[in-house]
Structures are given as C-alpha cells and as structure tokens.
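All remarks here apply to the structure that follows.
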Amino acid sequence: MSYVTFLLVLHIGGAIVGFGPIFGFSVMGPLAGSLGGPQALGILKAMVKIQRGIVLPLAVVQGITGALLIAAAGWDANFGSHEWLWVSILLYLVALGLGLFVLRPSLAKMV
C-alpha cells in the first residue's frame, strides 16, 4: 500500500467514523426533548461524550490527513486550479467552526 493510499484510507475512514455520529444527533436531540427529565439528561450527556471523544478529535485528524494528502498527492502544485479542493476545505472549515463555536457550547448549555 502506497503512502497516498494509506492517507486516503485514513482520511475517508476518519470522515465516516468522525462525522457519522453527528447524523445520530438529529434523532437523539428530539428524543431527549420529548422524554424530558433524567432520560433526556442521559441522552444529552451521551451526545457530549460522543462529541468530545469521537467527533472533535477525528475532525482534527481530518484536517491533518487532508493536508498530508494534498502534499503527498501533489495537489499543492497549481492549488488554485483544484476547485473541488477549495470547496472541500471551505466546507470542512465551516463544519469545524460550527461544531466548535455553536454546537459544542449549545449542547453544554442543555446539559
């Protein structure tokens, strides 16, 4: 397995494992709201634990493996001509910013 393939596997695997649980939050949040009480608190605490233990660390790994992949695959040459890469980086930064500065504090307040 080449270095680029290894990085690609890490990058795609990190995206699946790291960002996948966020889709579950769309079910868990409303469920917590409808249950109320200690059950809701348990669900919200689980969401915080998943966010801090899986989602945020792997979001950082995504940035690192993405940057290494750009360099290793040679996409840094003529970087401006790779529009898909610019859009991907922009979407990643928006998602990371929302996660860190909007969702994380909101979830902490709910708990």
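The table for this structure:
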read-out: Relative contact order of region 3-111, pairs being alpha-carbon contacts under 8 Å that are 6 or more residues apart, as %; value: 36
read-out: Extension gain, residue 78 back to residue 3 (0.36 nm per residue minus Cα-Cα distance, nm); value: 24.9 nm
read-out: Cα-based Kirkwood hydrodynamic radius, the chain, one decimal, Å; value: 15.6
read-out: Accessible heavy-atom area order of 6, 101, highest first, probe of 1.4 Å; value: 101, 6
read-out: Å² per residue, accessible surface of the chain at 1.4 Å; value: 64
read-out: Carbon + sulfur, % of accessible area of the chain - ligands and nucleic acids excluded, 1.4 Å; value: 76
read-out: Radius of gyration and maximum dimension Dmax of region 28-75, Cα, Å; value: 17.2, 53
read-out: Region 1-38 and region 50-111: distance between their alpha carbon centers, rounded to Å; value: 13
read-out: CD proxy at 222 nm, helix term only [per DSSP H run n ≥ 4: -39500 (n - 2.57); per residue of the chain; nearest 500]; value: -26500 deg cm²/dmol
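The values are calculated or read from the model by the stated rules, or taken from the named source; none is laboratory data. The shown structure was predicted, so the numbers you read here are calculated from the model rather than taken from an experiment. Accessible surface areas use protein heavy atoms only, side chains included; no ligands, DNA or RNA. Shrake-Rupley method; radii C 1.70, N 1.55, O 1.52, S 1.80 Å.
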